[in-house]
1. Condition (residue is more than 10 Å from the chain's Cα centre (by Cα), within 14 Å of chain B (Cβ to nearest Cβ) and part of a strand (DSSP E or B)) applied to the stretch A:57-69: is it met by at least one residue?
2. In the stretch A:78-104, which residue that is of a type in the set (Gly, Ala, Ser), in a loop (DSSP other than H, G, I, E, B) and open to solvent by less than 10 Å² (accessible area, probe 1.4 Å) is nearest to the other protein chains (Cβ to nearest Cβ)?
3. Which residues, counting only those in the stretch A:22-52, are away from chain B (no Cβ under 11 Å), of a type in the set (Gly, Ala, Ser) and either in contact with a His (Cβ under 8 Å, 6 or more places away or on another chain) or open to solvent by 60 Å² or more (accessible area, probe 1.4 Å) (or both)?
4. Does A:Phe34 satisfy the condition of being under 24 Å from B:Gln97 (Cα atoms), free of Cβ contacts under 8 Å to residues at least 24 places away in the same chain, of a type outside the set (S, T, N, Q) and not in a loop (DSSP other than H, G, I, E, B)?
5. If you check B:Phe49, B:Phe65, which single one turns out to be within 14 Å of chain A (Cβ to nearest Cβ), in contact with a strand residue (DSSP E or B) (Cβ under 7 Å, 6 or more places away or on another chain) and open to solvent by less than 30 Å² (accessible area, probe 1.4 Å)?
6. A:Arg61 - would you say it is basic (Lys, Arg) and either on the phi > 0 side of the Ramachandran plot or open to solvent by less than 60 Å² (accessible area, probe 1.4 Å) (or both)?
7. For B:Pro55, work out the one condition from (1) touching a Phe, Trp or Tyr at 6+ places or on another chain (Cβ under 7 Å); (2) within 22 Å of A:Leu87 (Cβ to Cβ); (3) not aliphatic (A, V, I, L, M) it doesn't fulfil.
Amino acid sequence: EDQVTQSPEALRLQEGESSSLNCSYTVSGLRGLFWYRQDPGKGPEFLFTLYSAGEEKEKERLKATLTKKESFLHITAPKPEDSATYLCAVQAANNAGNMLTFGGGTRLMVKP
Amino acid sequence: GAGVSQSPSNKVTEKGKDVELRCDPISGHTALYWYRQSLGQGLEFLIYFQGNSAPDKSGLPSDRFSAERTGGSVSTLTIQRTQQEDSAVYLCASSVQMNTEAFFGQGTRLTVV
């Protein structure tokens with residue numbers, strides 16, 4: 001069974017204080033790993049897709065990396081507007097249903 | 001429209017009533033997904049459509065739940081004889097084709113009283 005575990009559950013940072021969020025996964029053949037951002041009362045917003053170990057993607061203050069067992073979302077010099085819940089999800093290669101298996105999310109709070 | 005559209009945004013219903021939730025995907029997206037997000041829980045997969053067919057219905061929690069998609073576009077999720085445990089945010093997502101990133105709508109918040 002595919003599993004995704006995100007840590008920490010919650011993270012408080014001061015503005016400008018860089019940190020990383022972790023997503024550990026077990027899947028029978030990874031088709032893709034996805035990062036989403038979710039603001040309260042809204043649907044998840046797509047950030048990145050990573051397909052193979054060693055791949056990295058960047059967008060503004062965010063950088064996502066992937067190994068064979070985990071992914072990290074690095075946040076450099078965060079701003080209060082980066083406060084949100086960050087969700088990680090995997091899609092298995094043998095998954096005929098094409099579903100994403102999500103982790104529980106990391107709630108990030110950035111204080112000015 | 002530019003994004004995935006869901007209606008209604010909020011629905012309050014009495015226990016035992018039937019409800020219909022609607023999803024209008026991004027134009028041209030062939031894959032459509034329904035997920036459920038309960039308070040304090042992660043996103044739970046319900047069903048996936050490729051075109052008008054649903055290869056995977058394994059996530060539907062009971063036979064009170066059903067979904068259809070017509071014309072390769074709009075999808076409706078129907079919950080019959082609603083129960084309090086059905087209260088959640090129901091999220092719809094679509095993607096250009098399978099194996100590509102999915103884009104989510106704003107969700108329908110269902111409250112069963």
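The values are calculated or read from the model by the stated rules, or taken from the named source; none is laboratory data. Being a predicted model, the structure only gives us computed values, none of them experimental. Neighbour counts are summed over all protein chains in view; Cβ atoms, including those assigned to glycine, are modelled from backbone coordinates with ideal geometry. Heavy atoms of the whole protein, side chains included, go into the accessibility calculation; ligands, DNA and RNA do not. Shrake-Rupley method; radii C 1.70, N 1.55, O 1.52, S 1.80 Å.
1. Yes: the stretch A:57-69 contains one or more residues that are more than 10 Å from the chain's Cα centre (by Cα), within 14 Å of chain B (Cβ to nearest Cβ) and part of a strand (DSSP E or B).
2. It comes out as A:Gly97.
3. A:Ser28, A:Ser52
4. So A:Phe34 does not fit the description; no.
5. Numbers: B:Phe65 fails: within 14 Å of chain A (Cβ to nearest Cβ).
Going through B:Phe49, B:Phe65 in turn, the sole match is B:Phe49.
6. Spelling it out, A:Arg61 is indeed basic (Lys, Arg) and either on the phi > 0 side of the Ramachandran plot or open to solvent by less than 60 Å² (accessible area, probe 1.4 Å) (or both).
7. (2)
Here's the yes/no breakdown for (1) hydrophobic (A, V, I, L, M, F, W, C); (2) without any contact (Cβ under 8 Å) to a residue 12 or more places away in the chain; (3) open to solvent by 40 Å² or more (accessible area, probe 1.4 Å); (4) closer than 19 Å to A:Gln38 by Cα:
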residue: B:Ser5; (1), (2), (3), (4): no, no, yes, yes
residue: B:Pro8; (1), (2), (3), (4): no, no, yes, no
residue: B:Asp24; (1), (2), (3), (4): no, no, yes, no
residue: B:His29; (1), (2), (3), (4): no, no, no, no
residue: B:Trp34; (1), (2), (3), (4): yes, no, no, yes
residue: B:Phe45; (1), (2), (3), (4): yes, no, no, yes
residue: B:Ser73; (1), (2), (3), (4): no, no, yes, no
residue: B:Leu91; (1), (2), (3), (4): yes, no, no, yes
